[in-house]
Structure formats: C-alpha cells, structure tokens
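Encoded as structure tokens, the structure appears first; notes follow it.
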Amino acid sequence: MIKIRTLLPVLAALGAVGAPALAQQPRATDLRTLLQQTEQVRAEAAAKFDTRRKEFEAAPDGQKAALTAKAEQQRKELDTSSQKLADTYAANEVRINNLNSQLRDKATKLGLSEVFGLARQAANDDSTILQQSLISTQFPPAAGQPTRDEWLRQFSSARVTPTAAELERVWIEMLSAR
C-alpha cells in the first residue's frame with residue numbers, strides 16, 4: 001500500500017504542472033464549452049498523474065527517495081515564492097492605502113473636496129433634467145454603457161475622488177442637459 005506521505009510531494013508537483021495547462025486553454029464563451037474544457041483538463045491531469053505514479057512505483061527504492069526529496073524541494077520553493085508574493089501584495093495594499101490617504105489630505109488642503117462636492121451636487125441635479133429630456137431618447141448610450149442620467153446619479157453617489165475624465169464628462173453632460 002502506498003503511503004499518503006509518499007504521494008503528497010508528487011501531488012504537489014503535479015498541481016504545479018497542471019496549472020499552466022489550464023491557463024493555456026482558450027476562454028470559454030458559454031457554459032457547455034467551459035464544461036468540456038474542464039473535463040479535458042481533468043482528464044489530462046489524471047493521465048499525467050497515472051503516468052507519474054506508475055513511473056514512481058516502478059522506480060527502485062533509492063530513486064523513489066530521490067524523487068520524493070526533489071518533489072519536497074519543489075514544494076518548498078513554491079511555498080517560498082507564494083509567501084513572497086503574498087508579502088508583496090500586502091505591502092502594496094498598505095502603500096495604496098497610504099497614497100489614497102495622502103491624496104485625500106492634499107485634496108482637502110487645496111479645497112478640492114468642496115469642488116468635488118459641488119460637482120456631485122450638480123450631477124445629481126442634472127440627472128433629473130436628463131432623465132426627462134428628449135436628448136436622452138434621441139441619443140441612447142453605447143451598448144453596455146449606463147444611460148447619461150444613470151451615470152450622473154452614480155457619479156453623484158460615489159465617495160471616491162473623481163478623476164479628471166469623470167469631471168470632464170460631468171461638464172459635458174451639464175452642457176447637454178441645458
């Protein structure tokens with residue numbers, strides 16, 4: 001009987017090999033295609049596992065120990081790499097939060113908070129005008145885009161610092177609403 005402790009490193013190595021196979025698959029456009037691709041990837045992974053298991057079982061005991069040690073070393077390297085990436089991600093999150101805080105502080109010092117508040121208020125007022133306007137029916141939004149009045153309502157309720165492009169769009173929508 002094969003011990004789980006012996007197969008665990010082999011499974012870890014197999015998992016590292018199976019992930020790129022999944023990434024190489026083309027994007028599924030519907031659920032049926034996704035199901036077929038998933039079944040195909042599973043079948044390929046199972047076939048690779050069976051092949052590697054048979055090779056492992058056929059190997060002499062000395063070679064089994066070497067293969068197990070190699071798989072454990074690969075697992076340790078992947079764990080180390082994963083931990084480094086997790087640490088980098090956490091450090092980036094902290095840095096982003098600090099930069100956002102600095103941005104808010106600078107905007108407050110410059111009085112931009114009032115400007116943004118006025119832009120949100122104007123957007124909310126003009127969303128009602130646009131909702132009742134014939135312009136909105138004559139010029140519908142692009143496919144997949146919110147209507148102009150919906151976008152203005154979303155902008156007015158947002159609590160993030162608006163971008164220059166968003167402020168420019170508010171200005172353009174205000175001009176078209178009048």
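The values are calculated or read from the model by the stated rules, or taken from the named source; none is laboratory data. Keep in mind that what you see is a predicted model, and the values were worked out from it rather than measured. FYI the Cβ positions are ideal-geometry reconstructions off the backbone, even for glycines, and counts take in every protein chain you see. Remember, those area values only see protein heavy atoms, side chains included, never the ligands or the DNA or RNA. Shrake-Rupley method; radii C 1.70, N 1.55, O 1.52, S 1.80 Å.
Quick check on my filter: what residues within the range 50-70 are hydrophobic (A, V, I, L, M, F, W, C) and part of a helix (DSSP H, G or I)? Give the steps one after another, and end with the answer.
Restricting attention to the range 50-70, the residues satisfying the condition of being hydrophobic (A, V, I, L, M, F, W, C) are 56, 58-59, 65-67, 69.
F56, A58, A65, A66, L67, A69, listed by residue number.
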Residue list for the range 43-59, filter: of a type outside the set (D, E) and closer than 15 Å to K70 by Cβ: R52, F56, A59
Every residue from the range 148-173 that is farther than 25 Å from D105 by Cα, of a type outside the set (F, W, Y) and under 27 Å from the mean Cα position of the chain (by Cα): E150, L152, R153
Does any residue of the range 82-89 turn out to be charged (D, E, K, R), out of contact with any Leu (no Cβ under 6 Å at 6 or more places or on another chain), open to solvent by 60 Å² or more (accessible area, probe 1.4 Å) and part of a helix (DSSP H, G or I)? yes
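Could you please let me know if E39 is surrounded by fewer than 13 Cβ atoms within 10 Å (Cβ to Cβ), out of contact with any Asp or Glu (no Cβ under 6 Å at 6 or more places or on another chain) and modelled with pLDDT under 90?
Details: surrounded by fewer than 13 Cβ atoms within 10 Å (Cβ to Cβ): yes; out of contact with any Asp or Glu (no Cβ under 6 Å at 6 or more places or on another chain): yes; modelled with pLDDT under 90: no.
So E39 does not fit the description; no.
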Any idea which of Q145, Q102, Q132 is polar (S, T, N, Q) and over 29 Å from the mean Cα position of the chain (by Cα)? Q132
Find all pairs meeting these conditions: Cβ atoms under 6 angstrom apart; at least six residues apart or on different chains; first residue within the range 102-115 and of a type in the set (A, V, I, L, M, F, W, C); second residue in a helix (DSSP H, G or I) and surrounded by 11 or more Cβ atoms within 10 Å (Cβ to Cβ). A107/S113
Among all residue pairs at least 6 apart or on different chains, which show Cβ distances below 8 Å where the first residue, located in the range 148-165, is in contact (Cβ under 8 Å) with a residue 40 or more places away in the chain and the second is in a helix (DSSP H, G or I) and of a type in the set (F, W, Y)? T161/F116; P162/F116; P162/F155
